[in-house]
Amino acid sequence: MKKTLLLKKCAVYSVLSVGISMMGSVQASLLEDVKSRDTLRCGVSSDKAGFSHLTDDGEWGGMDVDLCRSVAAAVLGDASKVDFVITTAKNRFTALASGEVDVLARATTWTASRDANLGVDFTTPWFYDGQGVMTHADFGVSTIEELDGAVFCLSPGTTSEQNLEDYFGRRDMSYSSVVIEKSTELYNAFQHGRCDAITNDMSGLASRRTQFADPDAFTLLPETISKEPLGAYVPQGDAQWRDIVTWTAFALMNAEELDVTSENVEEMRNNSDNPNVARLLGSDGHIGEKFGLDDAWAYQAIKQVGNYEEIFNRNVGPDTPLNFERGLNRLWSDDGILYAAPVR
(Lines give C-alpha, C1' and ligand atoms only; values in the text may rest on other atoms or scores of the structure.)
Protein backbone atom coordinates (compact mmCIF):
# COMPACT_ATOMS: atom_id res chain seq x y z
CA MET A 1 0.00 0.00 0.00
CA LYS A 2 2.80 2.45 0.96
CA LYS A 3 4.61 1.63 -2.30
CA THR A 4 1.41 2.30 -4.28
CA LEU A 5 0.87 5.65 -2.52
CA LEU A 6 4.49 6.58 -3.15
CA LEU A 7 4.14 5.79 -6.85
CA LYS A 8 0.97 7.87 -7.03
CA LYS A 9 2.69 10.81 -5.33
CA CYS A 10 5.63 10.50 -7.70
CA ALA A 11 3.24 10.49 -10.63
CA VAL A 12 1.50 13.61 -9.33
CA TYR A 13 4.82 15.39 -8.77
CA SER A 14 5.90 14.36 -12.25
CA VAL A 15 2.74 15.83 -13.81
CA LEU A 16 3.14 19.03 -11.79
CA SER A 17 6.77 19.32 -12.80
CA VAL A 18 5.89 18.86 -16.46
CA GLY A 19 3.10 21.40 -16.13
CA ILE A 20 5.39 23.96 -14.49
CA SER A 21 8.05 23.27 -17.10
CA MET A 22 5.53 23.73 -19.91
CA MET A 23 4.32 26.99 -18.39
CA GLY A 24 7.87 28.27 -18.30
CA SER A 25 8.49 27.26 -21.91
CA VAL A 26 5.23 28.85 -23.06
CA GLN A 27 6.18 32.11 -21.35
CA ALA A 28 9.61 32.18 -22.92
CA SER A 29 8.74 30.66 -26.28
CA LEU A 30 7.67 33.77 -28.18
CA LEU A 31 10.73 35.78 -27.21
CA GLU A 32 12.89 32.78 -28.08
CA ASP A 33 11.09 32.35 -31.41
CA VAL A 34 11.55 36.00 -32.35
CA LYS A 35 15.23 35.89 -31.42
CA SER A 36 15.71 32.59 -33.24
CA ARG A 37 14.17 33.81 -36.50
CA ASP A 38 15.80 37.23 -36.00
CA THR A 39 12.62 38.95 -37.15
CA LEU A 40 9.51 40.37 -35.51
CA ARG A 41 6.22 39.64 -37.29
CA CYS A 42 3.82 42.53 -36.86
CA GLY A 43 0.16 42.52 -37.91
CA VAL A 44 -0.90 45.88 -39.32
CA SER A 45 -3.35 47.61 -41.63
CA SER A 46 -2.06 48.58 -45.04
CA ASP A 47 -3.97 51.78 -45.59
CA LYS A 48 -4.51 53.77 -42.39
CA ALA A 49 -2.40 56.85 -42.98
CA GLY A 50 -0.55 57.99 -39.89
CA PHE A 51 -0.83 54.60 -38.19
CA SER A 52 0.08 51.78 -40.55
CA HIS A 53 0.24 52.27 -44.28
CA LEU A 54 2.43 51.74 -47.32
CA THR A 55 3.86 54.97 -48.66
CA ASP A 56 4.11 55.80 -52.36
CA ASP A 57 7.68 54.50 -52.43
CA GLY A 58 6.66 51.17 -50.90
CA GLU A 59 7.90 51.85 -47.37
CA TRP A 60 5.89 51.27 -44.21
CA GLY A 61 4.99 54.26 -42.06
CA GLY A 62 2.78 55.19 -39.13
CA MET A 63 2.58 55.22 -35.33
CA ASP A 64 1.74 51.52 -35.11
CA VAL A 65 4.55 50.70 -37.52
CA ASP A 66 6.96 52.68 -35.34
CA LEU A 67 5.79 50.81 -32.24
CA CYS A 68 6.67 47.52 -33.93
CA ARG A 69 10.03 48.91 -35.03
CA SER A 70 10.68 49.96 -31.44
CA VAL A 71 9.95 46.43 -30.19
CA ALA A 72 12.31 45.02 -32.83
CA ALA A 73 15.01 47.45 -31.70
CA ALA A 74 14.47 46.48 -28.05
CA VAL A 75 14.45 42.73 -28.70
CA LEU A 76 16.79 42.32 -31.67
CA GLY A 77 18.82 45.52 -31.53
CA ASP A 78 17.66 46.50 -35.01
CA ALA A 79 14.45 48.43 -35.78
CA SER A 80 14.49 47.25 -39.38
CA LYS A 81 14.03 43.59 -38.49
CA VAL A 82 10.24 43.58 -38.85
CA ASP A 83 8.05 41.64 -41.26
CA PHE A 84 4.80 43.57 -41.63
CA VAL A 85 1.81 41.29 -42.19
CA ILE A 86 -1.33 42.91 -43.60
CA THR A 87 -4.44 41.98 -41.62
CA THR A 88 -8.09 42.97 -41.90
CA ALA A 89 -10.53 43.95 -39.17
CA LYS A 90 -12.07 40.49 -39.54
CA ASN A 91 -8.95 38.28 -39.45
CA ARG A 92 -6.57 40.29 -37.25
CA PHE A 93 -7.22 38.42 -33.99
CA THR A 94 -7.13 35.04 -35.69
CA ALA A 95 -3.74 35.94 -37.16
CA LEU A 96 -2.47 36.79 -33.68
CA ALA A 97 -3.96 33.86 -31.76
CA SER A 98 -2.81 31.36 -34.42
CA GLY A 99 0.79 32.57 -34.29
CA GLU A 100 0.89 34.15 -37.74
CA VAL A 101 2.02 37.38 -36.10
CA ASP A 102 3.82 38.13 -32.82
CA VAL A 103 2.22 41.54 -32.23
CA LEU A 104 -1.00 43.06 -33.54
CA ALA A 105 -0.46 46.80 -33.91
CA ARG A 106 -3.47 47.90 -35.92
CA ALA A 107 -5.12 50.79 -34.03
CA THR A 108 -7.19 48.21 -32.15
CA THR A 109 -9.50 49.12 -29.26
CA TRP A 110 -9.02 47.58 -25.81
CA THR A 111 -12.29 45.95 -24.70
CA ALA A 112 -13.32 43.42 -22.06
CA SER A 113 -14.86 41.01 -24.57
CA ARG A 114 -11.64 40.84 -26.59
CA ASP A 115 -9.55 40.15 -23.52
CA ALA A 116 -12.00 37.51 -22.36
CA ASN A 117 -12.90 35.69 -25.57
CA LEU A 118 -10.25 35.89 -28.26
CA GLY A 119 -7.12 34.30 -26.81
CA VAL A 120 -5.24 37.61 -26.85
CA ASP A 121 -3.93 40.12 -24.30
CA PHE A 122 -3.87 43.91 -24.54
CA THR A 123 -0.65 45.74 -23.72
CA THR A 124 -1.20 49.47 -23.03
CA PRO A 125 -3.00 52.34 -24.77
CA TRP A 126 -0.79 53.80 -27.50
CA PHE A 127 -3.30 56.35 -28.79
CA TYR A 128 -6.48 57.61 -27.10
CA ASP A 129 -9.30 58.08 -29.59
CA GLY A 130 -13.09 58.13 -29.90
CA GLN A 131 -15.58 57.04 -32.53
CA GLY A 132 -16.98 59.64 -34.91
CA VAL A 133 -19.08 59.95 -38.05
CA MET A 134 -18.31 61.28 -41.51
CA THR A 135 -20.95 62.18 -44.08
CA HIS A 136 -21.32 63.92 -47.43
CA ALA A 137 -20.86 67.69 -47.20
CA ASP A 138 -23.67 68.44 -49.66
CA PHE A 139 -26.18 66.90 -47.22
CA GLY A 140 -25.76 69.98 -45.03
CA VAL A 141 -25.76 67.78 -41.90
CA SER A 142 -24.12 69.21 -38.78
CA THR A 143 -25.02 66.65 -36.06
CA ILE A 144 -25.46 62.89 -35.86
CA GLU A 145 -29.09 63.35 -34.80
CA GLU A 146 -29.83 64.57 -38.32
CA LEU A 147 -28.82 61.15 -39.67
CA ASP A 148 -31.92 59.38 -38.29
CA GLY A 149 -32.84 56.76 -40.91
CA ALA A 150 -29.50 57.03 -42.72
CA VAL A 151 -27.56 54.22 -44.38
CA PHE A 152 -24.13 53.59 -42.82
CA CYS A 153 -21.12 51.86 -44.33
CA LEU A 154 -19.68 49.51 -41.67
CA SER A 155 -16.72 47.17 -41.36
CA PRO A 156 -17.39 43.75 -39.73
CA GLY A 157 -15.62 42.66 -36.57
CA THR A 158 -15.10 46.16 -35.17
CA THR A 159 -16.34 47.98 -32.09
CA SER A 160 -17.92 50.56 -34.41
CA GLU A 161 -20.95 48.37 -35.11
CA GLN A 162 -21.89 47.97 -31.44
CA ASN A 163 -21.16 51.60 -30.59
CA LEU A 164 -23.39 52.84 -33.40
CA GLU A 165 -26.19 50.48 -32.39
CA ASP A 166 -25.92 51.67 -28.77
CA TYR A 167 -25.86 55.34 -29.71
CA PHE A 168 -28.86 55.19 -32.05
CA GLY A 169 -30.80 52.83 -29.79
CA ARG A 170 -30.52 55.11 -26.75
CA ARG A 171 -31.94 57.96 -28.82
CA ASP A 172 -34.73 55.94 -30.44
CA MET A 173 -33.18 56.56 -33.84
CA SER A 174 -32.87 54.10 -36.72
CA TYR A 175 -30.33 53.33 -39.41
CA SER A 176 -29.54 50.61 -41.94
CA SER A 177 -26.11 49.37 -42.93
CA VAL A 178 -23.94 48.24 -45.80
CA VAL A 179 -21.26 45.88 -44.41
CA ILE A 180 -18.02 45.51 -46.39
CA GLU A 181 -14.92 43.70 -45.08
CA LYS A 182 -12.08 45.30 -47.05
CA SER A 183 -11.33 48.85 -45.95
CA THR A 184 -10.52 50.15 -49.43
CA GLU A 185 -13.80 48.85 -50.82
CA LEU A 186 -15.69 50.18 -47.79
CA TYR A 187 -14.45 53.75 -48.22
CA ASN A 188 -14.88 53.62 -51.99
CA ALA A 189 -18.50 52.62 -51.46
CA PHE A 190 -18.98 55.59 -49.15
CA GLN A 191 -17.37 58.03 -51.55
CA HIS A 192 -19.55 56.81 -54.41
CA GLY A 193 -22.79 57.25 -52.47
CA ARG A 194 -23.71 53.67 -51.55
CA CYS A 195 -24.25 54.95 -48.03
CA ASP A 196 -25.02 58.28 -46.39
CA ALA A 197 -22.40 58.09 -43.65
CA ILE A 198 -19.50 56.08 -42.35
CA THR A 199 -18.34 55.62 -38.76
CA ASN A 200 -14.98 54.70 -37.28
CA ASP A 201 -12.40 56.07 -34.87
CA MET A 202 -11.95 59.80 -35.40
CA SER A 203 -8.31 59.24 -36.29
CA GLY A 204 -9.29 56.64 -38.88
CA LEU A 205 -11.88 58.89 -40.51
CA ALA A 206 -9.50 61.84 -40.62
CA SER A 207 -6.79 59.61 -42.02
CA ARG A 208 -9.00 58.26 -44.80
CA ARG A 209 -10.37 61.68 -45.66
CA THR A 210 -6.88 62.92 -46.56
CA GLN A 211 -6.70 60.16 -49.20
CA PHE A 212 -10.00 61.03 -50.90
CA ALA A 213 -9.89 62.64 -54.33
CA ASP A 214 -11.93 65.56 -52.95
CA PRO A 215 -11.64 65.69 -49.13
CA ASP A 216 -13.78 68.85 -48.93
CA ALA A 217 -16.75 66.88 -50.27
CA PHE A 218 -17.00 65.10 -46.92
CA THR A 219 -17.68 66.36 -43.40
CA LEU A 220 -16.49 65.03 -40.06
CA LEU A 221 -19.27 65.62 -37.54
CA PRO A 222 -18.23 67.07 -34.16
CA GLU A 223 -19.66 64.42 -31.81
CA THR A 224 -17.57 61.62 -30.31
CA ILE A 225 -19.82 58.68 -29.47
CA SER A 226 -17.39 56.40 -27.61
CA LYS A 227 -14.00 56.11 -25.96
CA GLU A 228 -11.45 54.10 -27.91
CA PRO A 229 -8.14 53.33 -26.20
CA LEU A 230 -6.07 51.96 -29.11
CA GLY A 231 -2.98 49.83 -28.71
CA ALA A 232 -1.13 46.61 -29.43
CA TYR A 233 -2.31 43.10 -28.64
CA VAL A 234 -0.17 40.01 -28.06
CA PRO A 235 -1.04 36.29 -27.78
CA GLN A 236 -2.64 35.35 -24.47
CA GLY A 237 -0.67 33.52 -21.79
CA ASP A 238 2.83 34.80 -22.51
CA ALA A 239 3.48 37.21 -19.64
CA GLN A 240 7.10 37.84 -20.60
CA TRP A 241 6.23 38.85 -24.15
CA ARG A 242 3.36 41.02 -23.00
CA ASP A 243 5.73 42.79 -20.59
CA ILE A 244 8.27 43.40 -23.35
CA VAL A 245 5.78 45.01 -25.74
CA THR A 246 4.07 46.97 -22.94
CA TRP A 247 7.30 48.29 -21.46
CA THR A 248 8.72 49.22 -24.84
CA ALA A 249 5.72 51.54 -25.28
CA PHE A 250 6.18 52.82 -21.72
CA ALA A 251 9.87 53.45 -22.40
CA LEU A 252 9.05 55.74 -25.33
CA MET A 253 6.53 57.66 -23.23
CA ASN A 254 8.95 57.95 -20.31
CA ALA A 255 11.62 59.15 -22.70
CA GLU A 256 9.45 62.08 -23.74
CA GLU A 257 8.73 62.89 -20.10
CA LEU A 258 12.46 62.83 -19.30
CA ASP A 259 13.38 64.87 -22.42
CA VAL A 260 15.33 61.96 -23.91
CA THR A 261 15.19 62.00 -27.72
CA SER A 262 16.77 60.09 -30.57
CA GLU A 263 19.14 63.03 -30.98
CA ASN A 264 20.39 63.32 -27.40
CA VAL A 265 20.02 59.75 -26.14
CA GLU A 266 23.74 59.02 -26.41
CA GLU A 267 24.69 62.08 -24.40
CA MET A 268 21.95 61.45 -21.83
CA ARG A 269 23.06 57.86 -21.38
CA ASN A 270 26.65 58.89 -20.68
CA ASN A 271 26.22 62.18 -18.84
CA SER A 272 22.79 62.51 -17.20
CA ASP A 273 22.75 62.65 -13.41
CA ASN A 274 19.04 61.77 -13.34
CA PRO A 275 18.65 58.23 -11.93
CA ASN A 276 15.40 57.77 -13.88
CA VAL A 277 17.28 58.41 -17.13
CA ALA A 278 20.07 56.02 -16.07
CA ARG A 279 17.59 53.23 -15.36
CA LEU A 280 15.66 53.88 -18.58
CA LEU A 281 18.76 53.78 -20.78
CA GLY A 282 20.40 50.83 -19.04
CA SER A 283 23.43 52.59 -17.57
CA ASP A 284 22.15 51.72 -14.09
CA GLY A 285 20.43 48.52 -13.06
CA HIS A 286 19.44 45.44 -15.03
CA ILE A 287 15.79 45.93 -16.04
CA GLY A 288 16.43 44.61 -19.54
CA GLU A 289 18.04 41.45 -18.22
CA LYS A 290 14.93 40.72 -16.15
CA PHE A 291 12.85 40.90 -19.35
CA GLY A 292 15.26 38.56 -21.16
CA LEU A 293 16.73 41.48 -23.13
CA ASP A 294 19.94 43.46 -23.27
CA ASP A 295 20.04 46.24 -20.68
CA ALA A 296 20.23 48.73 -23.57
CA TRP A 297 16.78 47.66 -24.83
CA ALA A 298 15.11 51.05 -24.29
CA TYR A 299 18.20 52.94 -25.44
CA GLN A 300 18.07 51.08 -28.76
CA ALA A 301 14.34 51.74 -29.25
CA ILE A 302 14.69 55.46 -28.51
CA LYS A 303 17.88 55.91 -30.55
CA GLN A 304 16.56 54.11 -33.62
CA VAL A 305 12.89 55.17 -33.59
CA GLY A 306 12.48 58.12 -31.20
CA ASN A 307 10.43 58.96 -28.13
CA TYR A 308 6.62 59.17 -28.15
CA GLU A 309 6.55 62.85 -29.11
CA GLU A 310 8.89 62.27 -32.04
CA ILE A 311 6.77 59.35 -33.24
CA PHE A 312 3.52 61.31 -32.86
CA ASN A 313 4.82 64.40 -34.65
CA ARG A 314 6.43 62.41 -37.46
CA ASN A 315 3.28 60.47 -38.28
CA VAL A 316 0.20 62.49 -37.31
CA GLY A 317 1.43 65.81 -35.94
CA PRO A 318 1.22 69.43 -37.11
CA ASP A 319 3.68 68.99 -39.99
CA THR A 320 1.73 66.09 -41.51
CA PRO A 321 -1.42 66.10 -43.66
CA LEU A 322 -3.38 64.79 -40.65
CA ASN A 323 -2.35 67.71 -38.41
CA PHE A 324 -3.68 66.10 -35.22
CA GLU A 325 -3.65 67.95 -31.92
CA ARG A 326 -2.11 65.94 -29.09
CA GLY A 327 -5.34 66.28 -27.07
CA LEU A 328 -5.76 63.36 -24.69
CA ASN A 329 -2.47 62.00 -25.98
CA ARG A 330 -0.51 64.69 -24.20
CA LEU A 331 1.56 63.53 -21.25
CA TRP A 332 -0.21 63.47 -17.89
CA SER A 333 2.16 66.26 -16.81
CA ASP A 334 0.82 68.38 -19.69
CA ASP A 335 -2.90 67.91 -18.92
CA GLY A 336 -3.24 64.78 -21.04
CA ILE A 337 -3.85 61.17 -19.97
CA LEU A 338 -0.74 59.55 -21.46
CA TYR A 339 0.75 58.02 -18.31
CA ALA A 340 3.58 55.52 -18.39
CA ALA A 341 4.55 53.35 -15.44
CA PRO A 342 8.03 54.24 -14.13
CA VAL A 343 11.10 52.23 -15.18
CA ARG A 344 12.50 51.23 -11.81
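The values are calculated or read from the model by the stated rules, or taken from the named source; none is laboratory data. The model shown is predicted, which means the values in this text are computed figures rather than measured ones. Note that we place each Cβ from the backbone using ideal geometry, even for glycine, and neighbour counts take in every protein chain shown. For the accessible areas, the whole protein counts, side chains as well, though only heavy atoms, and no ligand, DNA or RNA atoms are used. Shrake-Rupley method; radii C 1.70, N 1.55, O 1.52, S 1.80 Å.
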- Task: Can you send over the carbon and sulfur percentage of the accessible area for the chain, probe radius 1.4 Å, protein chains only?
- Result: 49
- Whole-number accessible area per residue in Å² for segment 28-136, which is evaluated in the context of all protein chains at 1.4 Å: 34
- Task: Could you do me a favour and compute the accessible area per residue for segment 194-344, 1.4 Å probe, result in Å²?
- Result: 46
- Item | Residue-by-residue Karplus 3J(HN,Hα) for segment 177-194, coefficients 6.51, -1.76, 1.60, Hz, glycine and proline x | 9, 10, 9, 9, 6, 7, 4, 4, 5, 4, 6, 5, 4, 5, 4, 8, x, 6
- Item | Centroid-to-centroid separation of segment 129-187 and segment 271-331 [C-alpha atoms, Å] | 36
- Query: Arranged from highest to lowest average of other beta-carbon atoms within 10 Å per residue, in what order do the peptides 196-206, 67-77, 313-323, 334-344 appear?
  - Reply: 67-77, 196-206, 313-323, 334-344
- Message: List the residues, sorted by chain then number, that are 5 or more residues from A232 or on another chain and whose placed amide H is less than 5 Å from its amide H.
- Response: T123, T124, W126
- Query: When the helix-only estimate is applied to the chain (DSSP H runs of n ≥ 4, each -39,500 (n - 2.57), divided by the residue count), what is the mean residue ellipticity at 222 nm, nearest 500 deg cm²/dmol?
  - Reply: -13000 deg cm²/dmol
- List nothing, just return the count: lysine pairs in the chain, 8 or more apart or interchain, with Cα separation under 18 Å. 6
- Message: Please list, by residue number, every one of the trypsin sites (Lys or Arg not before Pro) in segment 199-289 that is coil in DSSP and has at most 14 other beta-carbon atoms within 10 Å.
- Response: K227
- Based on the Cβ-Cβ distance of D148 and A112, what FRET efficiency does E = 1/(1 + (r/R0)^6) give at R0 = 35 Å, to the nearest 0.05? 0.70
- Query: Counting DSSP beta bridges in segment 72-227, what percent are antiparallel, to the nearest 5?
  - Reply: 55
- Using 0.36 nm per residue of separation minus the Cα-Cα distance, give me the extension gain between V178 and S80 in nm, one decimal. 31.4 nm
- Between S262 and A97, 0.36 nm times their residue separation minus their Cα-Cα distance comes to what? 56.1 nm
